[in-house]
Amino acid sequence: MPLPKAELHLHIEGTLEPELAFALAARNGVTLPYADTEELRRAYAFTDLQSFLDLYYALMAVLRTEEDFAELAEAYLARAAAQGVRHAEIFFDPQAHTARGVPLAVVVDGLGRALDRGEERHGVSTRLIMCFLRDESAESALETFEAARPWFGGRITGIGLDSAEVGHPPAKFREVYRRAAEAGLHRVAHAGEEGPAAYITEALDVLGVERIDHGLRCLEDPALVERLVRERIPLTLCPLSNVRLRCVDTLADHPLPAILDAGLLATVNSDDPAYFGGYAGDNFDALAEALGLDDETLRLLAANSFQASFLPEERRAALL
Ligand code: ADE
Ligand code: ZN
């Protein structure tokens, strides 16, 4: 039995497996520039975050209907459950769909259709976190935020910030995060993946985030590490992603041991599992193997994942 765990850093669009991509392409009359799944998989040779994002956004062309989004989420839940995931706080990128003419309601209601049955079918509870693309304008984020109000406190429980990091500092999104706080939404942001430690500090100071997604580069700033420990700010690490996007050279070089030694609240997640070679349990297994992690450390990481979640205290305690 895999360790029960929560997944806190997972882009639902990043769970689009090549087989499902081709099936949806056929159903929706979309032509992909790859002959078959093998050729598509061969394109997953990324050199950095942007090289991944280019393919990730291009492949979203196959996602068009509520049913497509429901199938995507259902496939994720089945895979995640098999790897011990009992709770998932799932990112989605509304602007990547609305920009293609897919209405927000199609995305949220489609995902919701599968997620609403997640506990009953797979024993996985879920939350949805709407991410803004940081390489799009602050105005676009605000428009997206306002359009999503009907789902606040219902299907949508938080906001995040993702896409190309360098050159798009958190402060650009000050106003949308202010409105989110006012609306009672949770706030997280990708920071310190490719961008500098200063973006982590800025996400805390200006956006008021409760968790940092990735946060790898916090180690470059000892005062920041001290603060993250003191304030118990969780980091949602994604080891296989870090290797595939060349943020670290190999898993054996992953800074998880230094992060744990510093007393940080680290969690292990899959980011975009269809592209990076594994789901949550695969990330645990690969880390354990590469770094020689003992069972106690793996249990700590699993406990941290519930601790760092947005579940109410009593549900967290029940899952621990
Ligand atoms: N969107 C999907 N995966 C991402 C990642 N690892 N970093 C930034 N944006 C993303
Ligand atoms: Zn991510």
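Read-outs: derived from the displayed coordinates by stated rules, not from any lab. No experiment lies behind these values; they were computed from the predicted model shown. Quick reminder, even Gly has a Cβ in these numbers, built from the backbone with ideal geometry, and neighbours come from all protein chains shown.
Just to be sure I understand: with springs between alpha-carbon atoms less than 10 Å apart, which residue in Ala198, Ala58, Ala148 has the highest mean-square fluctuation in the Gaussian network model of the chain? Maximum among the listed residues: Ala58.
Listed values for the stretch 186-198 are Karplus-derived 3J(HN,Hα) couplings in whole Hz (6.51 cos²θ - 1.76 cosθ + 1.60, θ = phi - 60°), namely 6, 10, 9, 7, 5, 7, x, 8, 9, x, x, 4, 4, and x replaces Gly and Pro.
The gain in end-to-end length when the Asp205 to Ser51 segment is fully stretched comes to 52.4 nm, 0.36 nm per residue minus the alpha carbon separation.
Taking GluC sites (Glu not before Pro) across the stretch 216-308, the ones in a DSSP loop with at most 12 further Cβ atoms lying within 10 angstrom of their Cβ are Glu231.
Here's how it looks for Lys5: its modeled amide H is under 5 Å from those of Val85, Arg86, His87, which are all 5 or more places away or on a different chain. For the stretch 5-308, the alpha-carbon radius of gyration amounts to 0.93 times the rule-of-thumb value 2.2 N^0.38 Å expected for a compact globular protein. For the stretch 224-290, the set of trypsin sites (Lys or Arg not before Pro) satisfying both a DSSP loop assignment and a count of at most 12 other C-beta atoms within 10 Å is given as Arg232. Under the combined filter of DSSP loop state and at most 12 neighbouring Cβ atoms within 10 Å, the stretch 98-184 retains these trypsin sites (Lys or Arg not before Pro): Arg100.
Dividing the summed -39500 (n - 2.57) terms of all DSSP H runs of n ≥ 4 by the residue count of the chain sets its mean residue ellipticity at 222 nm at -13500 deg cm²/dmol. Residue by residue, the stretch 114-123 carries 3J(HN,Hα) couplings of 7, 5, 4, 9, x, 5, 5, 7, 10, x Hz when phi is fed to the Karplus relation 6.51 cos²θ - 1.76 cosθ + 1.60 (θ = phi - 60°); x denotes Gly or Pro.
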